Amino acid sequence: MQSKKYKAINNLIIYFFVFTIIVFFIFIITNFLYSNINNANSKLMYSVDFSTLNMYFLETIKNNNSVIKEYGLVNENDNSSYYITFEMQDGSTNTFKKIGDKIYFNEIKLCEAVESFKVIVDKSEKETILIETKIRDKIYNMQYVL
């Protein structure tokens, strides 16, 4: 009688340890996959930020028949923080500027984690604007023709 009781207890202990090991491996695999999804989401968000910036630029330049009013450095000590102001046909203005690590369109925050935002205007033949943006170690370049 005692041997059957001990055998049942031993089997129960073995099942418990096997179940614990299986749950542990499932936890490790789930944690690994979840962290990879979070990394992919954060990288995607920075591309989405630049796409949003690009859409606002295109909207400002193409649909409003705007002209460049002024552009330059936000702060003379920081060569990575530029601004550009457009004047619309109705006399209103729209400004893109980098403050801290964010890019704003007037008062609307467009991008986060921006390391640099450079505006280069070429007025030689057709007026073109080159935007160089670095967001989380990824460089984005876009050129717009007015």
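For first residues located in segment 118-130 and over 17 Å from Lys62 (Cα atoms), partners that are surrounded by fewer than 14 Cβ atoms within 10 Å (Cβ to Cβ) and lie 6+ apart or on another chain with Cβ distances below 6 Å form the pairs Ile120/Leu130.
When you scan segment 67-74, do you find a residue that is loosely packed, with under 10 Cβ neighbours inside 10 Å, closer than 24 Å to Asp137 by Cβ and modelled with pLDDT under 90, even just one? Within segment 67-74, not a single residue is loosely packed, with under 10 Cβ neighbours inside 10 Å, closer than 24 Å to Asp137 by Cβ and modelled with pLDDT under 90. Which residues, counting only those in segment 83-141, are among the small types (Gly, Ala, Ser) and in a loop (DSSP other than H, G, I, E, B)? If the condition is that a residue be among the small types (Gly, Ala, Ser) and in a loop (DSSP other than H, G, I, E, B), then Gly91, Ser92, Gly100, Ala113, Ser124 are the ones that fit. Can you confirm whether Glu112 is closer than 16 Å to Met142 by Cα, among the charged types (D, E, K, R) and modelled with pLDDT under 90? For Glu112, the condition - closer than 16 Å to Met142 by Cα, among the charged types (D, E, K, R) and modelled with pLDDT under 90 - is not met. Here segment 115-146 is the region considered, the condition is being surrounded by 12 or more Cβ atoms within 10 Å (Cβ to Cβ) and among the β-branched types (Val, Ile, Thr), and the residue that is farthest from Glu70 (Cα to Cα) is Ile135. For segment 81-114, the candidate set comprises residues that are within 15 Å of the chain's Cα centre (by Cα) and among the β-branched types (Val, Ile, Thr); within that set, the residue that is surrounded by the most Cβ atoms within 10 Å (Cβ to Cβ) is Ile103.
From the set of residues in segment 10-58 that are of a type in the set (A, V, I, L, M) and at pLDDT below 85, which is nearest to the chain's Cα centre (by Cα)? So the residue we want is Met45. If you go through segment 115-143 and pick out every residue that is among the β-branched types (Val, Ile, Thr) and within 12 Å of the chain's Cα centre (by Cα), you end up with 3.
Selection of segment 61-98 for residues being over 16 Å from Phe50 (Cα atoms) and among the hydrophobic types (A, V, I, L, M, F, W, C) yields Ile61, Val67, Ile68, Leu73, Val74, Ile84, Phe86, Met88.
The values are calculated or read from the model by the stated rules, or taken from the named source; none is laboratory data. Remember, it's a predicted structure, so these values are computed and weren't measured experimentally. Note: ideal-geometry Cβ built from the backbone for every residue, glycine included; neighbour counts use all protein chains shown.
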